[in-house]
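Report on the structure given below.
The values are calculated or read from the model by the stated rules, or taken from the named source; none is laboratory data. Only a predicted model underlies this, so the values are computations on that prediction, with no experimental measurement involved. A quick note on method: Cβ atoms are made from the backbone with ideal geometry, for glycine too, and the neighbour counts reach across all protein chains shown.
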Amino acid sequence: MALKIIEHGSKEYRQMVDLRFQLLRKPLGLDFTAEDLEKEKDDILIGIFDDDLLEGCCILTKIAPQTVKLRQMAVNSGLQGKGIGRVLMTFAENVARDRGMRRMVMHARKSAIGFYEKLGYRTCSEEFLEVTIPHYEMEKAL
C-alpha cells in the first residue's frame, strides 16, 4: 500500500473522482459538476494505492486558519473493514498537522459515526440531512 497526495487533474485524480462517484454519488443519483471538481484545485487530495490501483481516498479542505474539513472519504467496497480507512485517516491527520492544522471537522454519514468515534472524533451537532441522507458534524483536535 502506498499513501500519497494526488495532483488535481492527474490520472490518479481521475481514478479518485471515479471511486467517489461510484461509492458516494451514484447510489444517491448524484453526479459531480465541472464546478464541483474545479473547486478541488486548492484542496489536499489523498489516495491509498495498491500498485497503481486506488483503494481509498479523501479530501482535506482548509476552512479556517488552523481548521481543515475532511470530505469525500471513500474506500473501495470490497476492501472496507480491512483497516484501509484507518490508515488513510491517520495519514490525512498527519498531513493536516504538518501543514499547521490543529482541528479536523467533517460531515459524517450516520452509518460511519462508529468508525470515526474509534479514531477519536466526537459528534458536535444534531442529526441533519445532506445529500438526502442523515449526517452529523464531527470534530477532533489534531
Condition test on E127, is it without any contact (Cβ under 8 Å) to a residue 60 or more places away in the chain and either exposed (fewer than 12 other Cβ atoms within 10 Å of the Cβ) or of a type outside the set (D, E, K, R) (or both)?
yes
Residues of the range 8-20 being of a type outside the set (S, T, N, Q) and more than 13 Å from the chain's Cα centre (by Cα), which ones?
H8, G9, K11, E12, Y13, R14, D18
Would it be correct to say that E127 is within 16 Å of the chain's Cα centre (by Cα) and of a type in the set (D, E)?
no
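Yes/no per residue for (1) more than 20 Å from I133 (Cα to Cα); (2) at pLDDT below 90; (3) out of contact with any helix residue (DSSP H, G or I) (no Cβ under 9 Å at 6 or more places or on another chain):
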{"position": "L23", "(1), (2), (3)": "no, no, no"}
{"position": "K26", "(1), (2), (3)": "no, no, yes"}
{"position": "K41", "(1), (2), (3)": "yes, no, yes"}
{"position": "R102", "(1), (2), (3)": "yes, no, no"}
For the range 91-111, which positions are surrounded by fewer than 19 Cβ atoms within 10 Å (Cβ to Cβ), assigned to a helix (DSSP H, G or I), touching a residue at least 24 places away in the same chain (Cβ under 8 Å) and not charged (D, E, K, R)?
F91, V95
Pick out the one residue from G29, G83, G120, G56 that is of a type in the set (G, A, S) and closer than 17 Å to I5 by Cβ.
G56
Just to be sure, is Q80 polar (S, T, N, Q), within 13 Å of the chain's Cα centre (by Cα) and surrounded by 11 or more Cβ atoms within 10 Å (Cβ to Cβ)?
no
Would a scan of the range 64-73 turn up a residue that is touching a residue at least 40 places away in the same chain (Cβ under 8 Å) and either over 20 Å from I133 (Cα atoms) or surrounded by 13 or more Cβ atoms within 10 Å (Cβ to Cβ) (or both)?
yes
Report, by residue number, each residue of the range 1-17 that is surrounded by 13 or more Cβ atoms within 10 Å (Cβ to Cβ) and of a type in the set (D, E).
E12
Working only within the range 130-142, note down all residues that are modelled with pLDDT of 95 or more and surrounded by 12 or more Cβ atoms within 10 Å (Cβ to Cβ).
P134, H135, Y136, E137, M138, E139, K140, L142
Checked the range 1-30 for anything outside any helix (DSSP H, G or I) and over 22 Å from Q80 (Cβ atoms); matches are I5, E7, H8, G9, S10
